[in-house]
Amino acid sequence: MNVSERCVLLMRINCRRIAGGEAQGRILLSKDPISFLGNVDPDTGIIVDPQHAIYGECIKDMILVFPHGKGSTVGSYVIYQLSKNRVGPSAMINIESEPIVAVGAIISSIPLVDELEFDPFEVFHNGDLVRVDGTAGMVEVLTPSNSTREHD
Amino acid sequence: MYLTNEEERTLDGEFGETLRKATEILVALGDIYGADQLIPIQSAQIAGVSYKTIGDAGLEWISDLTGTVKVPAILNPAGMDLERWQDMGISETFARKQLEVIQAYKDLGVRPMCTCTPYYLEGFSVQYGHHLAWSESSAVSYANSVIGARTNREGGPSALAAALVGKTANYGYHLDENRQPTVSVSVECELSGSDYGALGYLVGKDVGNRVPLFNMNARPAPDDLKSLGAAMAASGAVALYHVEGITPEIQRMDAEQPDETIVIEKGQIDEVYTNILGEDGDAGTDIAALGCPHASATELETIADRLANRTITKQLWVCTSREVAERHPDLVRRIEESGAMVLCDTCMVVSPATEQYQSMIVNSGKAFAYLPGMCHVAAQMGDVDECIRKVCAPDED
């Protein structure tokens, strides 16, 4: 089904824009920082590091929430590769963005925001439907996950 | 962050997609680090060149860009000597991809000069107080510390973005307040040659990304400072350091003495030479590599002198920039008469050719720090003579 036709705006959260563009999708929370070089398989979008908090999860088309990036600067290109392979996230939300993820998001045209006015790990749950507006610097929480999940 | 009318219009896409994205990168970094504006730069040195590092993803991104750089721009070392890659044991598949990367940069107006020592190049002069957007950590350290220019350690995409726009965001080492020394390092012992790399290796591990101020009895030459800074940027994240009485900026600034002092003794430096990092098996050293960072003309001359009447029986690489090699064909010939190879455009750290070997000896604190992790080869440090001795015919010792 097309979730965008049925959603209702529940909450609007202001934040800082890092990479412009808009995207809608479901929340995937990672309490661990992500090193795109090494933690993620660029062909499938699956988190492949067994030590990682979201090991085995696929980030494809998700609104990926994580504290910040880490590791090699080549991670920027891995984000581009994920995007070219159509297995990248729809948008990303950080506590505090750093250059690896910021540059990766911009070159891949993936909206990225940080510094939300509420702690994203408190207001969001896995599967929540949100719209990220990286140009305006805003996250909109739409119909809660349980009301649409039955149609998935 | 304040943007000019033209920068705003660029960000709105008025001058095309490449410039829009390049400006978006600069503005995002400026926002993250609290920059007040974009400032003009004199030159750019761009990382993200070795196909080993950037892979198809990086190649694809660079190839998708259009336009021409606005300031002189050159590249970091590539994964191979662009001309004699076959002699290095590089596969044809890798070579083809590597040349595609170089071509993609050339199409953007970047000079295909692949070196970590841009400050040796003609027409690439760097002066005190110049603002730059350089990537390679040892080049950044040299520009900031030895020359007194100003650059942050740019990532590959942000250096390319800066070259395309001709500007960078005004934060970090572009600002006076971040150039003050924050930790003192006292070194009383005499130092020579590779000791500076060993010293840098030790200090970098200790100081992280702080700004060290050295008080030393030794009088380091520019090549010594190059080794010192390169090692500190590899074992730590030092992008700027000062040496009392030697480097230019400390003599002009109103510096406060840092609260913390680290003391380095001769014994600690000697110990670096006894360590082998990584698993070297039983075979022992099978290759020596000099020229990290890329050798200067003076260093090539020293190596040529030491190699006179010697025969390399294992493998010896001497890495330098193509321009320096071409300016000194006599030195290159003298070095290669021993059986050593002078490699341009590349180095032991970024080339996949290093992986063919088990155990490498180097005179560089930087290569020593990086080789085991990045190239899966055991690493040992020695001075130039020790490096040569390990790969020469034993009867010549």
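The values are calculated or read from the model by the stated rules, or taken from the named source; none is laboratory data. Quick caveat, the model's predicted, so the values are computed rather than measured. Cβ atoms come from the backbone with ideal geometry, glycine included; neighbour counts cover every protein chain shown. The accessibility values were calculated without ligands, DNA or RNA, using every heavy atom of the protein model including side chains. Shrake-Rupley method; radii C 1.70, N 1.55, O 1.52, S 1.80 Å.
Mind checking which residues of the stretch B:22-43 are outside any helix (DSSP H, G or I) and within 14 Å of another protein chain (Cβ to nearest Cβ)?
B:Gly34, B:Ala35
Among the candidates B:Ser184, B:Ser158, the residue that is in contact (Cβ under 8 Å) with a residue 40 or more places away in the chain, in a helix (DSSP H, G or I) and among the polar types (S, T, N, Q) is uniquely B:Ser158. Can you find, within the stretch B:208-239, the residue that is most open to solvent (accessible area, probe 1.4 Å) among those that are out of contact with any Asp or Glu (no Cβ under 8 Å at 6 or more places or on another chain), closer than 28 Å to B:Glu301 by Cα and among the charged types (D, E, K, R)? So, considering only residues that are out of contact with any Asp or Glu (no Cβ under 8 Å at 6 or more places or on another chain), closer than 28 Å to B:Glu301 by Cα and among the charged types (D, E, K, R), the one most open to solvent (accessible area, probe 1.4 Å) is B:Arg219. Tell me whether the stretch B:55-63 contains one or more residues that are buried (at least 19 other Cβ atoms within 10 Å of the Cβ) and farther than 22 Å from A:Pro42 by Cα. No.
If only one of B:Val101, B:Val71 is surrounded by 15 or more Cβ atoms within 10 Å (Cβ to Cβ) and in a loop (DSSP other than H, G, I, E, B), which one is it?
Sole residue among the options that is surrounded by 15 or more Cβ atoms within 10 Å (Cβ to Cβ) and in a loop (DSSP other than H, G, I, E, B): B:Val71.
Report whether or not B:Gly123 is out of contact with any Leu (no Cβ under 9 Å at 6 or more places or on another chain), more than 14 Å from every other protein chain (Cβ to nearest Cβ), assigned to a loop (DSSP other than H, G, I, E, B) and modelled with pLDDT of 95 or more. In short, no. When B:Leu3, B:Leu19 are screened for being within 14 Å of chain A (Cβ to nearest Cβ), open to solvent by 20 Å² or more (accessible area, probe 1.4 Å) and assigned to a loop (DSSP other than H, G, I, E, B), only B:Leu3 passes.
From the list A:Gly88, A:Gly127, the lone residue that is farther than 22 Å from B:Leu19 by Cα and away from chain B (no Cβ under 14 Å) is A:Gly127. Among all positions in the stretch B:81-98, there is no residue which is under 30 Å from B:Gln127 (Cα atoms) and touching a Gly at 6+ places or on another chain (Cβ under 7 Å).
Scanning the stretch A:58-76 for residues that are more than 8 Å from chain B (Cβ to nearest Cβ) and open to solvent by 30 Å² or more (accessible area, probe 1.4 Å) gives A:Cys58, A:Lys60, A:Asp61, A:Met62, A:His68, A:Lys70, A:Gly71, A:Ser72. Residue count for the stretch B:127-172 satisfying the condition of being under 18 Å from B:Thr68 (Cα atoms), open to solvent by 10 Å² or more (accessible area, probe 1.4 Å) and of a type in the set (A, V, I, L, M): 1. Return a yes/no flag: does the stretch B:120-137 have any residue that is in contact with a Cys (Cβ under 6 Å, 6 or more places away or on another chain) and more than 27 Å from B:Leu19 (Cβ to Cβ). No.
Exactly one residue among B:Glu299, B:Glu249 is touching an Asp or Glu at 6+ places or on another chain (Cβ under 8 Å), assigned to a helix (DSSP H, G or I), surrounded by 14 or more Cβ atoms within 10 Å (Cβ to Cβ) and not assigned by TED's automatic domain parsing to the domain that holds B:Tyr142, and that residue is B:Glu299.
Taking the criterion of being under 28 Å from B:Gly373 (Cβ atoms) and surrounded by fewer than 21 Cβ atoms within 10 Å (Cβ to Cβ), the residues of the stretch B:323-352 that qualify are B:Met341, B:Pro352.
Residue-wise test of (1) surrounded by fewer than 17 Cβ atoms within 10 Å (Cβ to Cβ); (2) part of a helix (DSSP H, G or I).
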position	(1), (2)
A:Thr44	yes, no
A:Val78	no, yes
A:Pro89	no, no
A:Ile106	no, yes
A:Ile110	no, no
A:Leu116	no, no
A:Phe121	yes, yes
A:Asn126	yes, no
A:Ala136	yes, no
